[in-house]
Amino acid sequence: MDLWVFNAGLSVRTVLRGWLSRAKDKLASKPQAVPPAAQFPPVVELIPGKLKVRLFRHDLRVHNEIIPCWTYLTDGLFTHKQKEIMFTLRGDFEQRPEDDPRQLFTLFGDFFRFAEQGRLVDVGDCTLFADEGFCGRRDFRGIGYIEPVSLPGVETGESPLLAGIMLKNDEAMIAGRLGLTRVVALLGKHYNCYPCPPWSDLNRQPMASLASMENSLLARASRVPVRGCFCHQNNNLSLRLVLHIRERLEKFLARIGPLAPLALPTQVDPRANACLVWPESTTSPRWAISPPNSDGSRKTGAFVLFIPEQPSNRIKIVEDGVAVFLTNNDWKTIREALQSSSDILMPMTGEGGGTFTLEWSKPAPQYTSPVTGKTVTLDLCYPSSSPPKLSVSVSAAQIILLTLDRALKERTREEDIAGCAREIENVVEQFFAVSHRMAPREIVVHLALMPNGSTIRFVATPDLTPEDTQELQVHLESVRAPKVTGLVEFEYLASLWKPSIQQ
């Protein structure tokens, strides 16, 4: 099968989400998994010693519907710097677990060969099939790549991951020319699933035609696909781009006129709680989809369009994106910021007011544990869930999760980890509240949880006495470890101080 790859650039990191502070979703609203049948093959080795595919048979509960699914997960692409790829296909209740569609296996082999050649895909990219389509089905013309979501019953591990969705007919060309988000949002609207369903339905109808979008503002503007996303709230627009696309933007801007409008197709912003949808016609009402219980106040969408030669600056939602109307001087300022990867904040002086913000996402920080010596790229790092108490010795505290957020969701419950972290915090506060231990000190407590037990270690700087070290170890080991289904690691960091004596 011949394939072509459209690359939108480098990936947008998911905005850090506070595991220990956000509210727990209702269990009834989450999809529930059916245990896989015993005869269902868990692993298929496609390229001996190099590429495997793990198979999962499970059901998803979406609203009031139960959807039988197969999920395929590669194991071996990341050795060539390609994120592992997950596909979920919708089945039917009459199919047996051993009847899973095997057509995807040829694709996985192609992905491995592409990765060996350095032809990598990431969020927002799409792969186009040749004229014969997908395994003889001419209506399936490509695959789009989106951020993965956690599916109960599917253990994804900790390798970087992409999710693939099948694109029908013109959807593949729309994604390649105008950006994948336009297709994603249409799928989300059709299935009432934000931002789009995680499964592919081989029997669904196509969402749109390319001809219906020929007069789109996005189609008529000079555009360069980017790794970026925007969030629009109360007429304030925040655009985030990754540093790696700066060179591409600089070259593209050098080719177009200084006053030419510029469109940047974008991906779904994780900060948003609603996504704009391409209208069916010029007279159709504007649509935005949102997750359950959302007020839809923070909108994302398919593009940001800059339009210079305006008398004043203003922001307006257009189609399934946002237009920024600018004076020539302010457009020059934004062009320079795009070329130099500079952050800017610009007030909108025209109707509606508001602000435009351009931010460049910096590389994810790395953290080396003083306890284990292991260096990891931080997925989550944020203040401790409870503020320090001035009557005790902890002046600042932080929780660092060393297991990917996606894997945490699969292996444990967030409230259990939060409770364990609070117990560790209480032990540290009480231990160092004793007068002879009140001195400036840094402490790191490392907890490694496994289904068959846990280990807890710590490092204090300066060192504690041998007696205090042994006593603190005993107190920490008394903390009740939560149940997990796989390895979960986190560290509690605290700065200690000597409080003033209270009368």
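Which ones in segment 429-470 are part of a strand (DSSP E or B), out of contact with any Pro (no Cβ under 6 Å at 6 or more places or on another chain) and surrounded by fewer than 17 Cβ atoms within 10 Å (Cβ to Cβ)?
GLU442, MET450, GLY453, THR455, ARG457, THR461
Between a first residue in segment 263-277 that is within 9 Å of LYS299 (Cβ to Cβ) and open to solvent by less than 10 Å² (accessible area, probe 1.4 Å) and a second residue that is hydroxyl-bearing (Ser, Thr, Tyr) and modelled with pLDDT under 95, which pairs have beta carbons less than 7 Å apart while being 6 or more apart in sequence or on different chains?
From segment 263-277, the pairs are ALA274/SER290; ALA274/SER294; CYS275/TYR194.
For segment 333-390, which strands (runs of 3 or more DSSP E) that fit wholly inside it have 1 or more residues that are modelled with pLDDT under 75 and open to solvent by 30 Å² or more (accessible area, probe 1.4 Å)?
Here the list reads 375-377, 380-383.
Can you tell me which residue within segment 484-503, out of those that are part of a loop (DSSP other than H, G, I, E, B) and in contact with a strand residue (DSSP E or B) (Cβ under 7 Å, 6 or more places away or on another chain), is modelled with the lowest pLDDT?
That would be TRP497.
Within segment 471-483, work out how many residues are part of a loop (DSSP other than H, G, I, E, B) and either crowded, with 16+ Cβ neighbours inside 10 Å or aromatic (Phe, Trp, Tyr) (or both).
3
Please state which one of ARG286, ARG255, ARG240 is of a type in the set (Lys, Arg) and open to solvent by less than 70 Å² (accessible area, probe 1.4 Å).
ARG240
Kindly indicate whether ASP320 is at pLDDT below 80 and open to solvent by less than 20 Å² (accessible area, probe 1.4 Å).
no
Return the residues of segment 348-363 that are among the charged types (D, E, K, R) and within 17 Å of ILE317 (Cα to Cα); say none if nothing qualifies.
GLU351
Among the residues of segment 82-140, write down those that are in contact with a strand residue (DSSP E or B) (Cβ under 7 Å, 6 or more places away or on another chain), at positive phi and at pLDDT 90 or above.
Result: GLY124, single match.
Within segment 323-332, take every residue that is buried (at least 20 other Cβ atoms within 10 Å of the Cβ) and out of contact with any Phe, Trp or Tyr (no Cβ under 6 Å at 6 or more places or on another chain) and give me the one that is nearest to GLY228 (Cα to Cα).
The residue in question is ALA323.
The values are calculated or read from the model by the stated rules, or taken from the named source; none is laboratory data. Because the structure is predicted, anything quoted here is derived from the model rather than measured. When we count neighbours, we look across all protein chains shown, and the Cβ atoms used for this are built from the backbone with ideal geometry, even at glycine. We work out accessible area using only protein heavy atoms, side chains counted, and drop any ligands, DNA or RNA first. Shrake-Rupley method; radii C 1.70, N 1.55, O 1.52, S 1.80 Å.
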